[in-house]
Amino acid sequence: MSLPQLPAALRDAYLRRLGVTEVRRDLAGLTTLQAAHLRRVPFHNLALVVNDGRPYAIPTLIDTAAANARGVGGTCHLTNPPFAALLHTLGFDVSLVAGAVGHPGDHMLALVHFDCGSYVVDVGNGHPYLRPFPLGRVMSWQAFGWPFCWRGDRLLRTFPDDQQREVYSVDTRPRTWESFHEAIRAHHEDPRFGPFFSSLRAVRMTSDVLLTVRDALLTRYGSLGPSTRPIRSADAAQRVLTECIHLPRELVEPAIAALERRRPKLFAGGSVTAPRILIAVATIGREEQLAALLESVERDRIASGLATHEIEALILDNVASDHTWAQALEQGFSVTRRPITDVSLDLERRLGLIPEEPPPVCIGAARHALVRAVADHLAKRSGEWIVWMLDDDLRLEQLIRDDEGLCVRATRPLLAELRRLWADQPELSIGVGGYSGDPPVPGFAT
């Protein structure tokens, strides 16, 4: 059977899902559609896991296109063929072709023909293929730190160990949807056929970040490189898949249940080295308060059981260039100071986000500068980090009222709490505190 024409309502719903309002029937238009599909329709193997080895009823391309229009996604047979059907409906000259990852014909792709040449399209491999591959030509690129090379009819990836390995090769002979049915059933029914039968895989991509779930690990690939978090329970896996990958709960819950039956210790294997902590502060010259803050951090470090090398502080001095320091800020951990004039804010000023002004700059500009200073600082360091941005008039203490009136007490060890949240709540990447002032008063922060 040739690729079907999608009904007009389904075509329009699919395009709304992709966020595409105008379609160009050329290479630029195809590239736009491909990138949009990767960013709006996730890759995952949950439907395969839910099937749990039972005889698999292969859906129609209309059904899979409707699922994509709802943002469900899946493995290659649930993404590439319906996308090819959408392209066909939009007027592209497109056919299905086969790729070979581990077995001939175990990967499904689309081949689109233009007067300028033919291009392989892949939105169903969980990799950041943001452009079609030119058939018979060579192309190299990087996306989210993943280096790839296309060599005419095969795709290679360079891994962190600098070894280049073939991802798949392509057989460009046109195929029908029905000709893939045997391989699709093998994927769902035969545990020897591929890696998806008893593993957890999911990928979501935006213009800024690539999120990958691989068994008990969640990795975020962004501008500062990869950051990996453990997934230590089935509940955490459900939160990651629903809140980070945006998969429907009615698909996630039975998939996690099936994985727990098949691999009871799956989420006991998500071991990652505990992150170091960077305290980042922009100060306007309040030296006494800043010293008190760092002293409270040092007390909390000891109470939290962190070694001195597991925490650093970055101080951004938002002061006039002729400011003189009243005291040194040495602690048991490393403290780095930078003047705000060392941080370029040219882009923010060109965009009109912050005003032209000499230091001390306004709070908004100081926040922008602190983010840039943190990025510069971490670019020179490896491993996992938690960044905690604090105001210079804070202390890791609480002001409470007891029988004798107001008094200051130490909080529970907050650095240890940060690490616990990092480990137990992998779906969280940003937290907002609820304390303000010196000493901090709970409940009044904004």
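No lab work stands behind these numbers, since they all come straight from the coordinates. Note that the coordinates shown come from a computational prediction; the quantities given were computed from them, not determined experimentally. Virtual Cβ from ideal backbone geometry, glycine too; neighbours counted across all protein chains shown.
Brief remarks on what is shown
- Remark: the chain carries a charge dipole of roughly 1620 debye about the Cα centre, counting +1 on each Lys and Arg Cβ and -1 on each Asp and Glu Cβ.
- In the stretch 377-419, the GluC sites (Glu not before Pro) that fall in loop regions by DSSP, at most 16 other Cβ within 10 Å: 384, 404
- Computed [θ] at 222 nm, deg cm²/dmol, the chain (DSSP H ≥ 4; -39,500 (n - 2.57); rounded to nearest 500): -9000 deg cm²/dmol
- Whether the stretch 276-442 is rounded, prolate or oblate, judged on the alpha carbon gyration tensor where a/c under 1.5 counts as rounded: prolate
- When the chain is treated as a Gaussian network with alpha carbon springs shorter than 10 Å, the biggest mean-square fluctuation among 249, 192, 25 belongs to 192.
- Selection among 174, 41, 257 by position relative to the dipole of the chain gives 174 as farthest towards the positive end (Cβ unit charges, Cα centre).
- For the chain, built as a Gaussian network whose Cα springs stay under 10 Å, the top-fluctuating residue of 163, 142, 331: 163
- Loop-resident sites, the stretch 349-384, for trypsin sites (Lys or Arg not before Pro), counting at most 16 other Cβ within 10 Å (DSSP): 380, 381
- Most fluctuating residue given options 279, 231, 400, as computed from a GNM of the chain linking Cα atoms under 10 Å: 400
- Short-range pairs are left out: with C-alpha atoms under 8 Å and at least six residues apart, the relative contact order of the chain is 13 percent.
- Matching label, mean projected area of the Cα convex hull in nm² computed from the structure shown, candidates (i) 26.3; (ii) 21.8; (iii) 24.3: (i)
- For the stretch 8-268, the relative contact order is 19 percent, taking Cα pairs closer than 8 Å that sit 6 or more residues apart in sequence and dividing their mean separation by the residue count.
- When each of the peptides 152-161, 216-225 is scored by the mean number of other C-beta atoms lying within 10 Å of its residues, the order from highest to lowest reads 216-225, 152-161.
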